[in-house]
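Right, one structure below, let's go through it.
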Amino acid sequence: MPTSWRTAALAGGLLVLVAVVIGLAGGRLLRPAAPTPRLVTVTFSPAPTPSPTPYDEAALFKQPLSAGCATPVSIWLVTNGGGLLRFDGSQWAVVDSTLRSMTDVACTATTAYAVGLIGTIVLGDETSRQIRATDLGINDLHGVSAVGDGALMVGTNGTVLILAGGEIQPYARGIDEDLNGVVAFSVNSAWAVGDAGITYRLDQRGWNPVGSGQTKTLRAISGTTAANVVAVGDAGTVVVWADGQWNPARSGVDVVLRDIITTPGLFIVGDRGTLLTTGSSPDAPFRKIDLKTECDLVSVFARGPDVFIVGRSVSGGGLWRFRDGAVAQHFGGC
């Protein structure tokens, strides 16, 4: 049986850049790959009982942060080689101290779905106050998106998995590229992005590759519907799906862009303290927000009107709560 954890210490629609319609947009490539669910026998293992004692914030944020998400009652952060962190609104705590290499996390109203290297999957249940975890021992998982009562997950060597009804199954065939990010709208509607600018769209016909016109690695994708999505990646790459094709947008930066959200507005984060939101003209579709940090910004997520940004450096990490154009709260030394 899973062990219990104790509560302790701790978005407006897609702003489609319709004016940005310049440059090469790739067409659909003829290599269909239908989803082929196949049951994988997985037993979620009990997680070690975490300490109920609130952790010192300075010590806690020394951990290498990877990503974050929010439920209505909690902020969840995952770490690369550290524990699972939770903020209940007043105090932070390590709710699972297992040293796992986690890469991404997505939240529903009741559950945090985290993924990591060697097929690690961790579930944090707000209702039962339980942590469940399993290591599939397969390819690394790099992206996760909540869908239905579970999650869609992607990773290296074309790995696509779905967690639904408590079961984990492969959910694609014929994909070979490393996939880094995914956004799901239903079990039959999603996008995934990855190496060399590859994008895949899931619809009733299955997974189909769609040329983005880019060669740089894409690392994250977000949108409000499958017809309105934006992807970001290396060397400041931003591509917008509009009118049935990918269109490049000039980001104004050349750093790695690591994450994006489109609700409650469009926000993009990247290396060297890069935080972008929408700009005022087609010639400048993005404007920079200065968080006064040189830390790499690796994750962005929202709860209501609040936007949260996760940063990391060699000495630790940080979390900013951004609201109404200003930083409302800051945790950690990053």
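FYI, it's all coordinate maths here, none of it is from the lab. Predicted model only: the values in this text are computed from it and were never measured. In this analysis, Cβ positions are derived from the backbone assuming ideal geometry, glycine residues included, and neighbour counts consider all displayed protein chains.
Can you tally the net charge around V154? Count Lys and Arg as +1, Asp and Glu as -1, for every other residue whose Cβ sits under 11 Å from the Cβ of V154. Taking every Cβ under 11 Å from that of V154, the sum is -4.
When only Cα pairs below 8 angstrom with a gap of at least 6 residues are kept, region 45-332 shows a relative contact order of 11 percent.
Name the shape class, rounded, prolate or oblate, that the alpha-carbon gyration tensor gives for region 97-174, where a ≥ b ≥ c are the square roots of its eigenvalues, rounded holds for a/c under 1.5, and otherwise prolate holds if a/b is larger than b/c and oblate otherwise. Oblate shape, in that a/c is at least 1.5 and b/c is the bigger or equal ratio.
Counting only residues at least eight positions apart within a chain, or on another chain, the lysines with an alpha carbon under 28 Å from that of K62 are K288, K292. Counting every C-alpha pair in region 45-332, the share spaced more than 32 angstrom apart comes to 19%. Other residues lying with their Cβ under 11 Å from the Cβ of T71 contribute a combined charge of -1, Lys and Arg counting +1, Asp and Glu -1.
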